[in-house]
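Novice: Mind having a look at this structure? Questions to follow.
The values are calculated or read from the model by the stated rules, or taken from the named source; none is laboratory data. The structure displayed is predicted, hence computed values, not measured ones. Methodologically, a virtual Cβ is constructed for each residue, glycine included, from the backbone with ideal geometry; neighbour enumeration extends over all protein chains shown. We work out accessible area using only protein heavy atoms, side chains counted, and drop any ligands, DNA or RNA first. Shrake-Rupley method; radii C 1.70, N 1.55, O 1.52, S 1.80 Å.
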Amino acid sequence: MPRIPLLSGSRLLIVSAPDDAVVVSPPPPPAHAVVDVPAAVREALRFPLDGPALERVVTRGGRVTLVVEQETLPLPGAPVDPRRHAIEATVGELKRLGVPEERQTILVASGLARRPRRKELARLVSARFARTFRGEVVVHDVEDDDLVHLGDLDGVPLRAARPLVQTDAVVVVTAAETVLHGGPAALLAAGGPEALRAANAESLVQPAGSSGWDLALAMERELAGRVPLLGLSLALDRLRVADAAYGYPYDQASLERIVRSPFTYLFRVLPGPVRMRLIRSLPVGLGASAAYAGPPSVAHAEALLRAVEFRSARLDRPLDAICLGIPRSTPHLPRERPNPLLAAYLGLGLALRMWRDEPPVAAGGTAILVHRFHRHFAHPTQQPYRSFFAATRAGPDPEALAAAEESARTDRRSLDAYRAGQACHPLLPFADWDGCQPQIGHLGAVLIAACRDASAARQLGFVPTHAVGAALEMASGVAGGSPRIGFLLAPPYFPLRVG
């Protein structure tokens with residue numbers, strides 16, 4: 001019987017898996033980053049995939065707005081992210097073309113997440129660049145009264161920050177992680193809460209069936225009709241984890257090495273804060289394999305296609321059940337201990353939505369999320385999630401959630417906390433819950449293994465179990481016969497090609 005290590009929170013669980021279990025791991029990263037990011041960015045801006053080059057988009061002495069996002073994905077991140085080099089290289093190219101730094105505005109599109117503070121903004125670029133940049137840095141506020149109405153799509157208003165409209169050109173600098181992160185989606189994140197709340201996707205790595213992609217395209221079209229617009233998208237490599245992890249999660253032979261290692265036992269008996277400190281101390285590297293420029297949607301689609309091709313794992317057919325550990329990290333910045341809804345979003349809204357062609361689990365199958373599900377809400381960042389849980393005391397009733405969301409829209413205290421950079425937007429918990437719905441509707445059951453707060457699991461409509469073994473037995477009973485059970489080695493999360 002094979003034994004598989006799973007990271008759940010800061011704990012390392014050793015799970016006894018069936019003999020025919022399918023271990024799903026990402027392909028190993030390259031030994032070295034393929035691309036010199038600044039050189040690739042300059043080349044892409046001079047020779048875009050479509051449309052005019054940067055030198056024809058901007059005017060000498062004009063004003064340019066650069067739209068950037070926080071480094072939310074991949075999870076976990078790396079101390080040095082290629083997007084930092086891309087931002088600096090783009091600013092350098094603009095200076096070469098006659099746009100001084102004083103005429104450049106960096107607009108940080110943080111969407112519904114907590115607005116970053118000065119210290120967090122400095123991490124978007126190198127320390128030297130942060131000290132010497134003389135342009136303006138603006139953190140977007142989705143509740144700003146001065147948002148400009150650009151148009152509507154299916155009754156959803158498309159509004160944009162003034163720096164996107166009151167400028168001579170807009171350059172979007174992001175990485176292609178999903179259809180809802182980067183590219184034209186960054187323009188949505190620099191807009192109003194209505195479009196962000198309506199943005200969703202069946203799959204995060206293919207545009208088909210994605211309302212978020214459709215809204216992002218409409219936003220791009222409306223904005224391109226007002227100002228010249230150019231996008232730059234990076235295709236990121238796989239994360240390179242230190243040798244101390246024995247090759248996990250890329251090398252399946254690392255599973256037995258971890259199980260047999262004496263350090264595994266020592267790690268498991270350490271206090272939680274010490275384990276977390278050790279995990280965060282592991283050196284992690286991240287590079288880029290390509291850079292593309294052109295209209296934001298074109299550059300983003302090409303970079304995303306390349307990233308999916310090089311970073312995806314393949315399944316010949318869907319699984320009957322899948323088991324995955326949930327890390328002690330939130331999908332949004334700042335990284336904190338996740339509450340039960342964020343833990344569910346990490347598994348259902350992120351890991352199991354990164355599929356192409358077919359979902360990784362068959363319709364009516366089972367997902368097993370390994371997490372304790374403690375109702376812990378980091379103060380003050382996650383306070384809006386308390387309101388969500390108050391509305392689900394009797395279960396996730398759609399009418400009760402709709403009433404709670406309507407109340408959250410006008411909660412002045414929560415909105416003030418968001419605008420002050422203290423908490424996320426009060427609508428973010430409801431957007432996260434909607435991100436879980438495609439998988440919840442597709443699956444037959446969601447089991448929470450190693451759960452320590454059964455009420456929290458039942459409030460979200462999930463089934464709590466005390467141990468992973470019991471969850472595997474329940475999944476086998478649901479599937480009947482000899483089910484095909486997979487174990488997802490993550491994070492980092494990676495695309496799944498099925499079929």
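Novice: Dividing the alpha-carbon radius of gyration of the chain by 2.2 N^0.38 Å (N being the number of residues), what value is obtained?
Specialist: This ratio for the chain stands at 0.96.
Novice: Sticking with this structure for a sec: Report for the chain the percent antiparallel among DSSP-assigned beta bridges with both residues inside it, nearest 5. Kindly include the intermediate steps, with their values, before the conclusion.
Specialist: Numbers: 21 of 66 bridges.
If we restrict to bridges inside the chain, about 30 percent are antiparallel.
Novice: For the range 342-358, in order, what is each residue's ³J(HN,Hα) by Karplus, 6.51 cos²θ - 1.76 cosθ + 1.60 with θ = phi - 60°, in whole Hz (x at glycine and Pro)?
Specialist: Listing the rounded values in order: 5, 5, 5, 5, 4, x, 8, x, 10, 4, 8, 9, 8, 10, 10, 6, 9 Hz.
Novice: Once Rh for the range 203-311 is found with the Kirkwood sum over Cα pairs, what is the Stokes-Einstein diffusion coefficient at 37 °C and 0.692 mPa s, in µm²/s?
Specialist: Translational diffusion coefficient: 188 µm²/s.
Novice: Could I ask something else about it? Where in the range 467-499 does the label zone of A454 land, with the point 7 angstrom along Cα→C-beta and an amide N cut-off under 12 Å?
Specialist: 467
Novice: Here is a follow-up. In debye to the nearest 20, how big a dipole does the range 151-236 give about its Cα centre with +1 on each Lys and Arg Cβ and -1 on each Asp and Glu Cβ?
Specialist: The calculated dipole for the range 151-236 is roughly 220 debye.
Novice: P(r) for the range 27-138: what percent of alpha-carbon pairs falls in each 10 Å bin, starting at zero?
Specialist: Taking all Cα pairs of the range 27-138, the binned fractions are 12, 41, 34, 12, 1 percent.
Novice: Now, a different point. Given the peptides 103-110, 436-443, 422-429, arrange them by the average over their residues of other C-beta atoms within 10 Å, most packed first.
Specialist: For the peptides 103-110, 436-443, 422-429, the packing ranking is 422-429, 103-110, 436-443.
Novice: Ok, one more. Once you charge only the Cβ atoms, +1 for Lys and Arg and -1 for Asp and Glu, what is the size of the charge dipole of the chain about its Cα centre, to the nearest 20 debye?
Specialist: 1840 debye
Novice: Using a cut-off of 14 Å between beta-carbons, work out the net charge of the residues near D237 (Lys and Arg +1, Asp and Glu -1, D237 not included).
Specialist: Taking every Cβ under 14 Å from that of D237, the sum is +1.
Novice: Would you be so kind as to identify which of L188, V148, S25 lies farthest towards the positive end of the dipole of the chain, taking Lys and Arg as +1 and Asp and Glu as -1 on Cβ and the Cα centre as origin?
Specialist: Final value for the positive-end residue is S25.
Novice: Please list, ordered by chain and number, the residues whose modelled amide H lies under 5 Å from the amide H of L315; skip anything fewer than 5 residues away on the same chain.
Specialist: R497, V498, G499
Novice: Moving to a separate point now. In Å, what is the Rg of the alpha-carbon atoms in the range 92-155, and how long is Dmax?
Specialist: Just the Cα atoms of the range 92-155 yield Rg and Dmax of 14.9, 45 Å.
Novice: Using label points projected 7 Å from each Cα along Cα→Cβ, tell me how many nm separate A467 and L278, to one decimal.
Specialist: Using points 7 Å along Cα→Cβ, the separation is 2.4 nm.
Novice: Work out, step by step, the length gained on full extension between D357 and D154: first 0.36 nm times the residue separation, then minus their alpha carbon distance; give nm to one decimal.
Specialist: Taking 0.36 nm per residue and subtracting the Cα distance, the gain is 70.4 nm.
Novice: On the principal axes of its Cα set, how long, how wide and how thick is the range 43-83? Give whole Å, largest value first.
Specialist: Largest first, the range 43-83 extends 38, 23, 14 Å along its Cα principal axes.
Novice: Normalised by the residues of the range 350-499, what does the relative contact order come to in percent, with Cα pairs under 8 Å and at least six apart?
Specialist: This gives 38 percent for the range 350-499.
Novice: Give me the compactness ratio for the range 303-370, meaning the Cα radius of gyration over 2.2 N^0.38 Å.
Specialist: 1.23
Novice: How would the range 443-499 be classified by its alpha-carbon gyration tensor: rounded, prolate or oblate, with rounded meaning a/c under 1.5 and the a/b versus b/c comparison settling the rest?
Specialist: Oblate, since a/c reaches 1.5 and b/c is not below a/b.
Novice: State, in angstrom, two size descriptors of the range 168-226 derived from its alpha carbons: Rg to one decimal place and Dmax to the nearest whole number.
Specialist: Reported Rg and Dmax, both Å: 11.0, 36.
Novice: Work out the P(r) tail for the range 63-191: percent of alpha carbon pairs separated by more than 17 Å, whole number.
Specialist: Details: 4750 of 8256 pairs.
Value for the range 63-191: 58 percent of Cα pairs lie more than 17 Å apart.
Novice: Roughly how many percent of the accessible protein surface of the chain is carbon and sulfur, given a 1.4 Å probe and a whole-percent answer?
Specialist: For the chain, the apolar C and S fraction of the accessible surface comes to 51 percent.
Novice: Show the residues, 5+ positions off or on another chain, whose built amide H is closer than 5 Å to the amide H of V370.
Specialist: Long-range HN contacts for V370: L324, G325, I326, A449.
Novice: Principal axis lengths of the range 278-339 from Cα atoms, whole Å, largest first?
Specialist: 39, 34, 24
Novice: Let me ask something additional. Among I87, V165, A218, flag the residue with its Cα farthest along the positive direction of the charge dipole of the chain, charges on Cβ as +1 for Lys/Arg and -1 for Asp/Glu.
Specialist: So the residue furthest toward the plus end is I87.
Novice: Still on this structure, I have one more. So what J values fall out for the range 316-322 if you push phi through Karplus, 6.51 cos²θ - 1.76 cosθ + 1.60 with θ = phi - 60°, rounded to Hz, Gly and Pro as x?
Specialist: 6, 7, x, 8, 7, 8, 9
Novice: Using modelled amide H (1.01 Å from N, peptide plane; none on Pro or chain starts), what sits under 5 Å from the amide H of A175, excluding residues fewer than 5 places away?
Specialist: Under 5 Å from the amide H of A175 lie the amide H atoms of G183, L234, each far enough along the sequence or on another chain.
Novice: Moving on. What FRET efficiency would be calculated for the residue pair A420, H374, taking the C-beta separation as r and a Förster radius of 30 Å, to the nearest 0.05?
Specialist: That pair, A420 with H374, gives E of 0.65.
Novice: With axes computed from alpha carbons, what is the tilt in degrees of helix 272-281 against the longest principal axis of the chain, rounded to the nearest 10 within 0 to 90?
Specialist: Value to nearest ten degrees: 50.
Novice: Hey, rough spin-label estimate for L305 and A53, points 7 angstrom out along Cα→Cβ, what's it come to in nanometres?
Specialist: 2.3 nm
Novice: Could you please state, rounded to a whole Å, how far the C-alpha centre of the range 306-327 is from the C-alpha centre of the range 27-87?
Specialist: So the separation of the two Cα centres works out to 27 Å.
Novice: Based on the Cα atoms of the range 399-439, what semi-axes does the equivalent ellipsoid have, where each is the square root of 5 times one gyration tensor eigenvalue, given in whole Å with the largest first?
Specialist: Here the semi-axes work out to 21, 13, 4 Å.
Novice: I'd like the orientation of helix 37-46 relative to the chain: the angle between its Cα long axis and the longest Cα principal axis, in ° from 0 to 90, rounded to 10.
Specialist: 50 degrees
Novice: Let me ask something else about it. Can you run phi through the Karplus equation (6.51, -1.76, 1.60; θ = phi - 60°) for the range 432-437 and list ³J(HN,Hα) in whole Hz, with x for Gly and Pro?
Specialist: For the range 432-437, the Karplus curve yields 5, 5, 5, x, 7, 4 Hz.
Novice: Which order do the peptides 278-287, 313-322, 156-165, 169-178 come out in when sorted by mean C-beta neighbours inside 10 angstrom, highest first?
Specialist: Most protected by this proxy first, the peptides run 169-178, 156-165, 313-322, 278-287.
Novice: How large are Rg and Dmax for the range 351-499 when calculated on the C-alpha trace, in angstrom?
Specialist: Gyration radius and largest Cα-Cα distance of the range 351-499: 17.2, 55 Å.
Novice: Please state the Cα pair-distance histogram of the range 218-374 with 10 angstrom bins from zero: what percent is in each bin?
Specialist: Computed distribution, short to long bins: 8, 24, 35, 22, 7, 2, 0.
Novice: For the residue pair R131 and V269, what label-to-label distance in nm results when each label sits 7 Å from Cα along the Cα-to-beta-carbon direction?
Specialist: Taking the simple label geometry, R131 and V269 are separated by 4.7 nm.
Novice: A follow-up question, please. Please compute the contact order of the range 241-332 in relative form: average sequence separation of alpha-carbon pairs under 8 Å and at least six residues apart, divided by the residue count, as a percent.
Specialist: 20 percent
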